[in-house]
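Reading through the structure tokens given below for one structure.
The values are calculated or read from the model by the stated rules, or taken from the named source; none is laboratory data. Every value quoted in this text rests on a predicted model; they were computed, and no experiment measured them. Here the Cβ is made from the backbone with ideal geometry for all residues, glycine too, and neighbour counts use every protein chain on show.
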Amino acid sequence: MDSQAFIRQKFAEFYEENADKIEAPPLIKQREFGFMVFQENIMVRHKSFLNAEALRTYMKEAAPAHAYHSTAYYELPEERMENKGWLGADLYFDIDADHIATKCKETHDQWTCKDCGFGGKGQPDVCPACGGRRFDQKTWPCDECLGAAKRETIKLVEMLTAEFGFTENEVEVSFSGHRGYHVHVAAETAREMDAGARKELVDYITGTGLNVALFSPEATPLTSDSVSWQSRIAKGAYEFLRTTTTKDLIGLGMKEKRATNLLSKKQLILESWKKRGPWWQIEGIIKKEEVNMFINQVIEQQSAKIDTMVTTDIHRLIRLLNSLHGKTGWLKVAFPASTIDAFDPLKSAVAFKRGEVKLYVEKTHRFRIGDEWYGGYENREVELPTAAAVFLLCKDAAKLVD
Amino acid sequence: MALTITDQAKYPFVIDAADEVKRQDIDISNLDNPSFKPIVDRAFDRIEEALNSNPPQVSYHPQEEAIETPSFPIAIIIAAASNSDYIKRRYALAEAIRAFGLLQQEEDREKIIKVAKIFNWKIRTPTIPVGHRRFDFALFFVDYLRNAEVFHEDEWKLVNKILAKGEVYVNKHEAARLLQEEIRRRIEKRLTANVRSMLPEAILQRVDGLSQKYASRIERARLSMFPKEVVNEAFPPCIHLFYGSAKTGTHISHLGRFTLTSFLINVNMKPEEIVNLFRASADFNERMTRYQVEHIAGDRGSRTKYRSPTCDTLKTHALCPGPDELCKKIRSPLRYYSQKTRTLKK
């Protein structure tokens with residue numbers, strides 16, 4: 001049996017047993033569904049279901065590699081895009097390790113230049129051999145990347161509740177089943193927002209277009225009580241200066257002499273920032289560009305790195321909850337936002353819990369599933385628990401041994 | 001507190017137009033009846049004021065409620081019957097600006113809240129200062145964004161506002177300005193009704209006379225045309241970059257490709273040439289590219305010709321390569337091109 005057929009068989013077995021756990025999105029009748037099927041490798045779109053039962057039956061029969069539904073509500077979800085009749089859409093956020101720079105990518109992500117065939121590790125902008133910019137990427141989910149994505153998700157959830165005022169019940173957090181997290185806001189009050197309004201919301205989350213000159217000059221780092229970027233920037237700049245080192249400042253492009261000089265006056269500046277505003281102007285001691293540099297650092301640290309296209313696209317398809325991800329064999333699973341610190345995706349998303357599978361592995365990185373670590377195999381046959389085996393097969397990192 | 005007669009004359013859009021006409025016992029097919037003449041005359045006045053002032057504005061006549069209030073729904077019918085987008089847009093804007101001016105003068109914040117509630121805003125007057133400032137109003141961020149998203153100044157960006165527990169904090173001037181947008185949209189929506197068949201011939205003649213009088217202005221208001229031939233030197237930095245990438249087959253993001261294609265279509269590049277531009281890309285598929293280009297050009301699918309994304313959108317998705325001097329004065333790549341081609345001509 002080839003690997004694809006084997007994965008499909010495993011997915012089919014899983015759905016046969018677990019299809020009843022698939023949760024239909026709210027107002028299922030008004031959603032468009034899309035499925036990526038094995039073998040043909042094509043996307044079947046514009047489908048709709050009357051109820052959760054019909055959807056579950058379909059999942060059992062089709063056992064797709066990927067299952068999606070629209071964030072949008074439509075009058076006629078099966079029609080062509082221009083005739084669907086858009087009624088509204090849930091707010092949706094995608095945080096993916098692909099969009100976050102992590103050091104570990106240098107060790108586990110691989111690329112091959114589509115133009116010249118040259119390859120290497122990490123995520124290059126241009127091919128060092130030919131200058132090409134189109135790559136085949138082989139990505140790998142690891143604890144560090146997932147941890148980075150989780151930190152961004154925590155910042156996002158904080159903004160959605162404290163600033164945008166959504167209740168914890170309205171903010172549904174889930175692990176995507178691959179390299180990141182999804183945040184779904186199903187609040188009725190947010191449905192009507194058009195793409196332009198969502199763009200402004202995205203700019204807020206990413207700190208785009210911030211202009212400190214518009215903030216209250218009285219809001220000093222320590223007296224700033226409210227949320228919003230005004231207080232975040234004031235407190236953040238204060239914290240940054242308090243903890244930064246000459247080395248950090250040089251790393252940000254400052255000359256060594258200037259950095260030492262600035263840090264020697266650190267206490268003076270911090271005291272003045274506490275007392276009166278505008279805190280970002282202190283004539284003669286700190287330059288405007290330097291304050292801007294601090295501010296940009298705070299934005300970098302405190303904004304949440306969301307995929308801007310996903311949130312502003314009001315016709316987007318997103319992964320169905322409790323369905324399998326075809327690139328890993330892991331589940332997309334939701335959990336309460338308050339438990340995110342303790343949430344372990346590599347435990348909660350495991351779908352295949354029985355049996356073992358024989359594989360031939362050429363080479364693979366280390367990976368964890370549940371509490372067990374696997375990997376480090378080179379050119380040999382191994383027998384692995386089904387979850388680990390399906391993961392390697394989905395990643396095209398192993399071959400099935402009959 | 002109910003809306004007083006004065007309020008109704010100040011903010012006539014708060015009443016449903018059809019209800020108002022019914023309430024005043026006005027039969028539209030009978031509008032040429034001499035007894036309605038003062039109201040109909042004032043209705044025409046409202047529109048002419050809008051067309052003759054800049055920024056367009058309709059005047060306020062205190063204590064003439066008996067004519068002022070019913071003249072508004074009649075003016076709506078007349079503007080709708082003009083079938084001229086220019087007249088409709090201009091009139092809706094003028095009435096909205098009129099309301100903005102009156103709202104700003106309201107001493108009582110409750111009056112503003114009352115008008116806002118007509119549009120289902122969730123709004124209240126905060127009692128304690130937030131972020132070291134006192135604000136007149138706190139309103140639900142969705143209501144804020146629905147109206148502020150069309151403003152481009154930094155001070156309107158949500159990221160520069162105080163936002164807490166779902167509420168944006170604004171002062172009276174800002175609340176009035178946001179309401180102006182809401183009012184403008186509501187009036188524009190009402191102006192889409194097809195009313196010509198209901199109107200008596202005499203009124204229709206007057207409406208057509210009005211359209212004719214301003215016909216030359218309507219022509220001028222159409223988007224200034226771009227040159228027939230594409231002027232590459234007038235491309236803004238972003239388009240220049242995408243264009244170069246396309247030619248060398250370098251990867252461009254989906255939105256980048258859409259921006260480039262819609263831009264080139266709008267500046268009159270032939271679809272055939274655009275398809276050829278993407279030929280260098282290694283995953284070039286002629287049939288797919290042609291389909292997409294024709295779709296964006298409005299020759300297929302929904303038949304809408306797409307406008308090119310604005311600078312704002314490109315910034316949100318980190319596709320703006322950084323502005324040059326002219327960029328700072330415009331808001332979209334197409335505007336840049338239109339200005340630059342004009343200066344290059346000189």
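Could you count how many residues in segment A:185-203 are outside any helix (DSSP H, G or I) and either closer than 14 Å to A:PRO26 by Cα or outside the structural domain of A:THR167 (by TED's automatic domain parsing) (or both)? Here the count works out to 4. For segment A:276-298, the criterion of a residue being at pLDDT 85 or above, within 14 Å of chain B (Cβ to nearest Cβ) and either touching a helix residue (DSSP H, G or I) at 6+ places or on another chain (Cβ under 7 Å) or crowded, with 16+ Cβ neighbours inside 10 Å (or both) is satisfied by at least one position.
Does A:HIS108 qualify as being modelled with pLDDT under 80, under 30 Å from A:LEU321 (Cβ atoms) and within 11 Å of another protein chain (Cβ to nearest Cβ)? Step through it out loud before you land on a result.
Values: modelled with pLDDT under 80: yes; under 30 Å from A:LEU321 (Cβ atoms): yes; within 11 Å of another protein chain (Cβ to nearest Cβ): no.
So A:HIS108 does not fit the description; no.
Can you tell me which of (1) without any contact (Cβ under 8 Å) to a residue 12 or more places away in the chain; (2) of a type in the set (Gly, Ala, Ser); (3) surrounded by 17 or more Cβ atoms within 10 Å (Cβ to Cβ) is the one B:ALA234 doesn't meet? Status for B:ALA234: all satisfied but (1). Figure legend. Inter-residue proximity from segment A:18-29: first residues small (Gly, Ala, Ser), second residues assigned to a helix (DSSP H, G or I), beta-carbon distance below 7 Å, spacing 6+ or different chains. Indicated pairs: A:ALA19/A:ARG56; A:ALA19/A:MET59; A:ALA19/A:LYS60; A:ALA24/A:ALA52; A:ALA24/A:LEU55. Which of the residues that make up segment B:155-200 are in contact (Cβ under 8 Å) with a residue 60 or more places away in the chain, more than 28 Å from B:GLU106 (Cα to Cα) and either part of a helix (DSSP H, G or I) or touching a His at 6+ places or on another chain (Cβ under 6 Å) (or both)? Answer for segment B:155-200, where residues must be in contact (Cβ under 8 Å) with a residue 60 or more places away in the chain, more than 28 Å from B:GLU106 (Cα to Cα) and either part of a helix (DSSP H, G or I) or touching a His at 6+ places or on another chain (Cβ under 6 Å) (or both): B:ARG196, B:MET198.
A:PHE93 meets all of the listed conditions (1) surrounded by fewer than 18 Cβ atoms within 10 Å (Cβ to Cβ); (2) farther than 25 Å from A:PHE6 by Cβ but one, namely (1). Scanning segment B:143-185 for residues that are more than 18 Å from the chain's Cα centre (by Cα), surrounded by fewer than 21 Cβ atoms within 10 Å (Cβ to Cβ) and more than 7 Å from chain A (Cβ to nearest Cβ) yields a total of 3.
Confirm whether B:PRO129 is under 30 Å from B:GLU167 (Cα atoms), of a type outside the set (S, T, N, Q) and modelled with pLDDT under 95. Yes: the conditions hold for B:PRO129. For the residues B:PHE100, B:PHE135, the requirement of being under 30 Å from A:ALA162 (Cβ atoms) and hydrophobic (A, V, I, L, M, F, W, C) singles out B:PHE135.
In segment B:81-95, is there at least one residue being modelled with pLDDT of 90 or more, farther than 26 Å from B:ASN194 by Cβ and in a helix (DSSP H, G or I)? The answer is no; no qualifying residue exists. Count of segment A:173-227 residues, restricted to those that are more than 9 Å from chain B (Cβ to nearest Cβ) and at pLDDT below 85, is 3.
Pairs are defined by a Cβ separation below 8 Å, a sequence spacing of at least 6 or placement on different chains, a first member in segment A:32-55 that is exposed (fewer than 13 other Cβ atoms within 10 Å of the Cβ), and a second member that is in a strand (DSSP E or B); the pairs so defined are A:ILE42/A:MET36. Applying the criterion of at least 3 residues that are more than 16 Å from A:ARG319 (Cα to Cα) and charged (D, E, K, R) to the strands (runs of 3 or more DSSP E) found wholly in segment A:10-88 leaves an empty list. If you filter segment A:111-146 down to residues that are under 19 Å from the mean Cα position of the chain (by Cα) and part of a strand (DSSP E or B), you find that the one that is farthest from A:HIS325 (Cα to Cα) is A:GLN137. Exactly one residue out of B:PHE284, B:PHE278 is buried (at least 19 other Cβ atoms within 10 Å of the Cβ), within 14 Å of chain A (Cβ to nearest Cβ) and without any contact (Cβ under 8 Å) to a residue 60 or more places away in the chain, and it is B:PHE278.
Taking the criterion of being within 20 Å of the chain's Cα centre (by Cα) and in a helix (DSSP H, G or I), the residues of segment B:300-316 that qualify are B:CYS311, B:ASP312, B:THR313.
Which one is farthest from the other protein chains (Cβ to nearest Cβ), of the residues in segment A:36-62 that are touching a Lys or Arg at 6+ places or on another chain (Cβ under 7 Å) and modelled with pLDDT of 95 or more?
A:LEU50
Considering (1) farther than 27 Å from A:TYR68 by Cβ; (2) out of contact with any Lys or Arg (no Cβ under 6 Å at 6 or more places or on another chain); (3) at pLDDT below 90, the lone condition that A:VAL382 does not fulfil carries the number (3).
Quick check on B:ASN268: is it surrounded by fewer than 17 Cβ atoms within 10 Å (Cβ to Cβ) and either within 12 Å of another protein chain (Cβ to nearest Cβ) or not in a helix (DSSP H, G or I) (or both)?
Details: surrounded by fewer than 17 Cβ atoms within 10 Å (Cβ to Cβ): yes; either within 12 Å of another protein chain (Cβ to nearest Cβ) or not in a helix (DSSP H, G or I) (or both): yes.
Spelling it out, B:ASN268 is indeed surrounded by fewer than 17 Cβ atoms within 10 Å (Cβ to Cβ) and either within 12 Å of another protein chain (Cβ to nearest Cβ) or not in a helix (DSSP H, G or I) (or both).
Surrounded by 13 or more Cβ atoms within 10 Å (Cβ to Cβ), within 14 Å of chain A (Cβ to nearest Cβ) and at pLDDT 90 or above: is that true of B:THR310 in this structure? Criteria met by B:THR310. Among the residues of segment A:339-347, is any in the same structural domain as A:THR153 (by TED's automatic domain parsing), surrounded by fewer than 18 Cβ atoms within 10 Å (Cβ to Cβ) and of a type in the set (Lys, Arg)? Yes, segment A:339-347 contains at least one residue that is in the same structural domain as A:THR153 (by TED's automatic domain parsing), surrounded by fewer than 18 Cβ atoms within 10 Å (Cβ to Cβ) and of a type in the set (Lys, Arg).
Residues considered: B:LEU319, B:LEU334. Of these, the only one that is assigned to a loop (DSSP other than H, G, I, E, B), hydrophobic (A, V, I, L, M, F, W, C) and at pLDDT 90 or above is B:LEU319. Per the conditions (1) closer than 25 Å to B:THR4 by Cβ; (2) of a type in the set (D, E, K, R); (3) at pLDDT 85 or above, the sole criterion not satisfied by B:ASP19 is (3).
Among the residues making up segment A:130-146, a single one is touching a Pro at 6+ places or on another chain (Cβ under 8 Å) and either surrounded by fewer than 14 Cβ atoms within 10 Å (Cβ to Cβ) or farther than 16 Å from A:LYS103 by Cα (or both): A:PHE135. So which residues in segment B:111-142 are part of a helix (DSSP H, G or I), touching a residue at least 12 places away in the same chain (Cβ under 8 Å) and more than 10 Å from chain A (Cβ to nearest Cβ)? Passing the criteria: B:LYS111, B:ILE112, B:ILE113, B:LYS114, B:VAL115, B:ALA116, B:ILE118. With respect to the conditions (1) surrounded by fewer than 22 Cβ atoms within 10 Å (Cβ to Cβ); (2) in contact (Cβ under 8 Å) with a residue 24 or more places away in the chain; (3) touching a strand residue (DSSP E or B) at 6+ places or on another chain (Cβ under 8 Å); (4) not assigned by TED's automatic domain parsing to the domain that holds A:ILE285, A:VAL227 falls short on a single one, namely (4).
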